[in-house]
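Reviewing the structure listed below.
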Amino acid sequence: MDRFLVQGGRPLAGEVTVACAKNAVLPVLAASLLTRETLRVPRAPALVDVRTMLDVLGSLGAETRVEEDDSVSVRNAGEPGTRADWEYVRRMRGSVCVLGPLLARTGRAEVSLPGGCVFGVRPIDVHLKGFEALGASVRIEHGYVVAEAPRGGLRGAEVFLGTPFGSSVTGTMNVMMAATLARGRTVIQGAACEPEVEDLGRCLRSMGARIEGLGSPCLEIDGEEELSGAEHEVIPDRIEAGTFVLAGVLTGSRVRVVGCRPDHLAVLIDRLWQAGCPVEHGEDWIESQPCGLGHRPRPTDVTTQPYPGFPTDLQAQWMALMTLADGVSVITERIYPDRYMHLAELARMGARVRRQGATAIVQGVESLSSAPVTASDLRASAALVLAGLVARGETDVHRVYHIDRGYQRIESRLSALGAGIRRVAE
């Protein structure tokens, strides 16, 4: 098990290119189960989660190939297996995205209840509700979701997928994929509008699916008998882009993040301006502006919301910035109310943070100090690395296998910007 040693107090400078979005490429790869032909994803990110998804697909009988430039090809020429075992699915929540395609293609799916980051209960009730609306029978048996289509296959229907915490991203993706092979028209109300959902829809369209309303809360899908193969280039990772922008802001440095979609991060750019941390941006880049180490941002409140609101996946990184604000900030988590396991670790570094229900109250301090800290999940680990970039001394970040799930070689990319960070074995 590896850890990072992060030397604080070094300004950054330079340019970093954003990889393809992890949260988009995983469901796109799962969509390969909908066709007998090859689905190819150019320049897929070289991440642990991508390898895990390929393992899941391989266990179902798919032929997978990773090229020298990290492009990935998947082909399910024969009938896929119907059981995705716990051994694979426990490693990553995104594995649940195989449920919809398997059910639609084979009429039966047995998928272990998913694992991944641990920051509260994240039920998949919305997924199951959608499958039942399409005519499937669904039950939980021995830790597995068992879904069976009726004789004649899934049938189109109207279904509402909203939840008390907003739209379900993976629920929308799963039901949308299942509906592409259902008989008749499916109308999904309360659909998630995240860019990753829209990106999956564009991939399905390139495979021959008929989908209207992408990017809106109402999707209309007319089922086809079969889909074809395709080549689909996934959108840039907005969370990775936001993390690197915040690294530049925290260190008071000029860091240009290229190959991104600034329109996907409009809310982050807006909050940074409110915090007195100006950034510039163009068609495919965002650049933090130099203001020097020790510059304190203005306290700025955020509430996580479904897109286009503030992303829950940037909440921990934003908190790292607000620990140094000149005043009190309030951060409210509306998507995953228990996603605050990083609070105790930031407190070890001198942050003054306390939790009240789904809200964190952050009293900014003048500086952080290094400490041994432990990453609890993917985005929390990124926040601890960001905090380490500005803390006095050397911060020891343990259990960085979490960060490897969503950030491609983050230590070498930060080092190229001038950060003092290195990976060492436990």
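A few comments on the model shown:
- Residue in the range 137-155 that is surrounded by 18 or more Cβ atoms within 10 Å (Cβ to Cβ), within 30 Å of PHE310 (Cβ to Cβ) and in contact with a Ser or Thr (Cβ under 9 Å, 6 or more places away or on another chain) present: no
- Only strands (runs of 3 or more DSSP E) whose full extent lies in the range 133-178 are considered here, and the ones with at least 1 residues that are in contact with a Gly (Cβ under 8 Å, 6 or more places away or on another chain) and farther than 20 Å from SER32 by Cβ are 144-148, 158-160.
- Subset tally (residues that are hydrophobic (A, V, I, L, M, F, W, C) and either more than 17 Å from LEU386 (Cβ to Cβ) or out of contact with any helix residue (DSSP H, G or I) (no Cβ under 8 Å at 6 or more places or on another chain) (or both)) for the range 251-283: 6
- Some residue of the range 26-34 being under 30 Å from GLY420 (Cα atoms) and either in a strand (DSSP E or B) or assigned by TED's automatic domain parsing to the domain that holds ARG202 (or both): no
- Scanning the range 169-208 for residues that are more than 24 Å from GLY152 (Cβ to Cβ) and in contact (Cβ under 8 Å) with a residue 60 or more places away in the chain gives VAL169, THR170, MET173, ALA192, CYS193, GLU194, PRO195, GLU196, ASP199, LEU200, CYS203.
- Considering residues of the range 93-130 that are surrounded by fewer than 24 Cβ atoms within 10 Å (Cβ to Cβ) and part of a helix (DSSP H, G or I) only, the residue modelled with the lowest pLDDT: ARG93
- Just one of the listed residues (ALA316, ALA360, ALA347) is surrounded by 15 or more Cβ atoms within 10 Å (Cβ to Cβ), in the same structural domain as GLY252 (by TED's automatic domain parsing) and over 24 Å from GLU394 (Cβ atoms), namely ALA360.
- If the condition is being surrounded by 24 or more Cβ atoms within 10 Å (Cβ to Cβ) and of a type in the set (Gly, Ala, Ser), then the range 171-191 contributes GLY171, ALA178, ALA179, ALA182, ALA191.
- Residues in the range 289-308 that are closer than 29 Å to TYR336 by Cβ, in contact with a Gly (Cβ under 8 Å, 6 or more places away or on another chain) and either outside the structural domain of VAL255 (by TED's automatic domain parsing) or of a type outside the set (D, E, K, R) (or both): PRO297, PRO299, THR303, GLN305, PRO306.
- Look at the range 93-114: where a residue is free of Cβ contacts under 8 Å to residues at least 60 places away in the same chain and a partner is of a type in the set (Asp, Glu), sitting 6+ places away or on another chain with Cβ atoms under 6 Å, you get ARG108/GLU148.
- Residues that are touching a residue at least 24 places away in the same chain (Cβ under 8 Å), part of a helix (DSSP H, G or I) and surrounded by 22 or more Cβ atoms within 10 Å (Cβ to Cβ) do occur in the range 2-22.
- The range 373-426, residues that are under 19 Å from the mean Cα position of the chain (by Cα) and part of a strand (DSSP E or B): none
- Residue in the range 371-384 that is buried (at least 23 other Cβ atoms within 10 Å of the Cβ), more than 26 Å from MET92 (Cα to Cα) and either hydroxyl-bearing (Ser, Thr, Tyr) or touching a strand residue (DSSP E or B) at 6+ places or on another chain (Cβ under 9 Å) (or both) present: no
- The one condition in (1) surrounded by fewer than 16 Cβ atoms within 10 Å (Cβ to Cβ); (2) aliphatic (A, V, I, L, M); (3) not in a loop (DSSP other than H, G, I, E, B) that ALA77 fails to fulfil: (3)
- Filter result for GLU212 (acidic (Asp, Glu), at negative phi and either surrounded by fewer than 24 Cβ atoms within 10 Å (Cβ to Cβ) or in contact with a strand residue (DSSP E or B) (Cβ under 6 Å, 6 or more places away or on another chain) (or both)): yes
- Filtered by the rule that a residue be of a type in the set (Val, Ile, Thr) and in contact with a His (Cβ under 8 Å, 6 or more places away or on another chain), the range 35-91 gives a lone residue, VAL41.
- Cβ separations smaller than 8 Å between residues 6+ apart or across chains give the following pairs from the range 130-145 residues that are in the same structural domain as ALA182 (by TED's automatic domain parsing) and polar (S, T, N, Q) to residues that are at pLDDT 95 or above and assigned to a strand (DSSP E or B): SER137/ALA147; SER137/GLU148.
- Of the strands (runs of 3 or more DSSP E) entirely within the range 236-288, those holding at least 2 residues that are in contact (Cβ under 8 Å) with a residue 24 or more places away in the chain occupy 254-258, 285-288.
The values are calculated or read from the model by the stated rules, or taken from the named source; none is laboratory data. Predicted model, so just to flag it, every value in this text is computed and none were measured. FYI the Cβ positions are ideal-geometry reconstructions off the backbone, even for glycines, and counts take in every protein chain you see.
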